[in-house]
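The following block contains the structure, expressed as structure tokens.
Rule-based calculations on the coordinates, nothing more; no lab input. Model, not experiment: these values are computed from the prediction. Virtual Cβ from ideal backbone geometry, glycine too; neighbours counted across all protein chains shown.
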Amino acid sequence: MTLHIATLARTVEPSRPDSGLGALRTEQGNLPLRGLDVNTHVTGLVARTVVTQRFHNPHSDPLEATYVFPLPERAAVTRMTMTVAGREVTAELQERGQARARYDKAIERGNRAAIAEADRADVFTMRVGNILPDENASVRLEIVGPLAWEDGQATLRIPLVVAPRYIPGRPLDRIDAGDGRAPDTDEVPDASRITPPVLLPGFPNPVELDVSVTIDPGGLELSGVESSLHTTEAETDGERTTIRIHPGERVDRDFILRFAYGHGTVDDSLITAPDADGETGTYQVTVLPPRQQAGGRPRHVVILLDRSGSMKGWKMVAARRAAARIVDTLSDDDTFAVRCFDHEIVAPPGEDTDGLTTGTDRHRYRAVEFISRIEARGGTEMSRPLIAATDLLAGTEGERTIVLVTDGQVGNEDMILAELDGRLAGIRIHVVGIDRAVNAGFLHRLCLAGRGRLELVESEDRLDVATAHIHRRIVEPVLSDVSIEVVSGELVPDSMAPARVTDVFSGVPFVAYGRYRGASPRLRLSGTDAAGRPWSTELSPQDTVDPTALGASWARTRLRDLEDTYASTSDNGQLSTLESEIVRLSLSQHVLSRFTAFVAVDSEVVNENGTMRRITQPVEYPQGWEVPQLLSGGPIQVAATSAPPMAPMGFAPSAPSGPPPAPGGPPPAFGAPPPVAGGVRSGAPTAPGAPRGAVGPRMLGRPAVQRPVRSAGIPPRDVGQALRQELQAIRATSDGSTGSEQQHRMELSDLGTRLDLIASRIAAAQFGDADAVRDRLRRLATALAECESPRPPTGSALTDLRRHAEAELTALVEILDRVIGSEGTTTSGGGDTVPPAGMGGDGTGKPQGPRHRGASSGADSFWRRPGGRGRAT
């Protein structure tokens, strides 16, 4: 899997020279996001959090800042305010298309404005526009949600960075919906909105991070407070305890806090909160499972181990340990299979590839030995192994379980869930999510669909606890066939959330929300215990101390159910009904959804001529991820400065670095080439009336009318110098006398990645023969991508491919030499840099006017399904 990384080099250079694809040298402090403040107040098992994003405009033109960021996936975003120049504006929640139209019109008029949109359950986009030069602006988001509770311990997890995700599929023939590294594809139609540019490690900390958590135990004893990934300090004021991270931490990993209360924290309960009119209300059912051992029926288990490139490093070590320990828990009465996957599925040697193997000592030993040799490589094609696992379990009787060990870093979440729809009857899915910036939103949805549990592992220290939990849950649940019955009162039909009632496992309370009419109801929870006996408990209502939190938690859970249904539905009539219901519920409960958006518009006009620079904030590379080796670059920082060997830029040192290419196109990349300047959407402020990168047509797959505003392109001298360096490198190893064929294929594949990036930086008609040079580079990059295909070139074919690359580079260098000689072109910045971030390709930074995203008239235009049907992603 090849990862494209945007690097913004600054005047304060790191001790070691780092470079990235398309890196630009910029002035210190040119990034818009200056600070991120996260303040959480925990009462019982409810967390209220205020997230404040602080922006600054260091440029001479008004600025629009874009920031792609995560939030807890189960939390409800209930309020947003924008503060700038001493003026505070409260945002309104509107249907997404209307909110975008209002934002764009405000920007055109010259008003300050901000808009927040949800792209996933836990990935959001903030845009703040018309920030004046040297002006500060802040946006405050208020969220509320429940804490996870398991085995007597509460967990608060606050995600801080959106990790790179694998993006499969063919690029769509339209303008991308966003400004990220990856193009929109038929499998991930909004990939460009969830793949922000990435900063390489080693640069000065660009964002001041402040995280504080105040815990109010409400008279209970607080104990065991621990932060697994950050150094913290604690202060006590009476019963309250406040935990803060130390200054200087980077925004490169989740903040995770675990703690325990005294006895009686979680009991069987029915909490109710009447609405203001008294006619309806919200309830929450919480039931602790009975304390008994599960049954001993034979188990049928398929263990899926993600070995994709993003798992490299400590994650692969932890994943191997987790998978091996799960194998060790099996007995002779059980059957199992182990499958490792990236863009291929691999089984242990000698194992029945079409069935399950008995859990004898011999078979378990072979499986563990196989797991111990697995290394990370390739792309995360997750749906195929999950479908293969359901096929392996078909026809078996007893407890059928899939255990998936992964970081979940994929972009086609909805497609995976849709392809599993109908295959999970009688099959349970448990997931071990390993990462410090895990894709928890998707993994929770997968576990919900499979009636299983998610265990998050952010470090190897957490692995023992997580595998112990999974071991207990591979056995039968302590309660199954759970249902809720009304003893007295009236429930609102189809209001229970989650709609899919899960089984209950040891140590984990059953929690469900719903709506009622009239007086508070009495409810009975019934089910079957592990011994097959009927079980029930009756609950009387109690008033909640936080009715707004209860209502928001129900609304968020219900919205997630509706959005998941939307993602798996193909009927156009039902899609329209679901869309309307999502918008209605979101607006009535004032909780953000993927079909609505918060928009704030200041009444003061501050930018009458419409001039505005646009910058997308690059995000940190997640801590614990192994960064691909990148050597110092040339003028545009895409080529190695020395000759042999060419540096492999994928994750895998001994395997193809990506999935096989799509027929007729380039290979699906972990991310597409980054935007210009590693996050600057256009190299200069945009011209009045110029089309802004559209969010995509209302129906996906339909070509967009608008064209994105591109950089003026890199100078031909810089292109020639970069290609000359690549030519020198390939000539130094042209005889193929050193290294294995696999290494040579990796070198050629990585060369193709760099050439494709150079091609993307050449603007149409930028110089004589520009189009021809760009097209030849892309054809060569496509040919080199065959080195990552399932049947890569070998022997003489590989030698011929290397010679072809050398000949093409030689011809292209000669063409560029002629262009430079005839046009007398000079490089900007003396030939060793390109214009600073935020400047145009000509370095002038000439003021230009606003681009328009072309907001659609309906809800969320870039979710739509190919062929005229919507698709949530």
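Counting only residues 5 or more places away or on other chains, whose amide H sits under 5 Å from the amide H of residue 303 once H atoms are built in the peptide plane?
337, 338, 339, 403
Give me 447, 340 sorted ascending by neighbouring Cβ count inside 10 Å, so fewest comes first.
The order, fewest Cβ neighbours first, is 447, 340.
Run through the range 274-375 and list the trypsin sites (Lys or Arg not before Pro) located in a DSSP loop whose Cβ has at most 11 other Cβ atoms within 10 Å.
Filter output for the range 274-375: 291, 373.
While we're here: If amide H atoms are built 1.01 Å from N in the plane of the peptide, which residues on other chains or at least 5 residues away come under 5 Å of the amide H of residue 119?
Those qualifying (amide H under 5 Å, at least 5 residues apart or on another chain) are 124, 125.
Mind checking the dipole of the range 299-474: about its Cα centre, +1 per Lys or Arg Cβ, -1 per Asp or Glu Cβ, Debye to the nearest 20?
It comes to approximately 320 debye.
Continuing with the same structure: Starting from the Kirkwood radius over alpha-carbon pairs of the range 299-474, derive D by Stokes-Einstein at 4 °C in a medium of 1.567 mPa s and give it in µm² s⁻¹. Don't skip to the answer; put the middle values down first.
Values: Rh = 15.7 Å.
Using the Kirkwood radius from Cα pairs, D works out to 83 µm²/s.
Which value results when the Cα radius of gyration for the range 173-318 is divided by 2.2 N^0.38 Å?
1.59
Also, quick follow-up: If packing is taken as the average number of other Cβ atoms within 10 Å across a peptide's residues, how do 163-172, 771-780 rank, most packed first?
Details: 163-172: 24.2, 771-780: 17.7.
So the peptides 163-172, 771-780, ranked by packing, come out 163-172, 771-780.
Please arrange 132, 33 by counting, for each residue, the other beta carbons lying within 10 Å of its beta carbon, fewest first.
On the way: 132 17, 33 23.
Sorted ascending by nearby Cβ count, the order is 132, 33.
Further, regarding this structure: Enumerate the calculated ³J(HN,Hα) couplings along the range 346-360 in order (Karplus 6.51 cos²θ - 1.76 cosθ + 1.60, θ = phi - 60°), each rounded to whole Hz, writing x wherever the residue is Gly or Pro.
Residue by residue, the range 346-360 yields 10, 10, x, x, x, 7, 5, 6, 10, x, 9, 10, 5, x, 6 Hz.
Using packing as a proxy for protection, rank 457-469, 62-74, 235-247, 546-558 so that the peptide with the highest average count of other Cβ atoms within 10 Å comes first.
Ranked by mean Cβ neighbours within 10 Å, highest first: 62-74, 546-558, 457-469, 235-247.
Over the range 163-310, what is the mean sequence separation of C-alpha contacts under 8 Å (at least six apart), divided by residue count, expressed as relative contact order in percent?
15 percent
I'd like the distance between the alpha-carbon centres of the range 797-815 and the range 175-222, rounded to an integer number of Å.
41 Å
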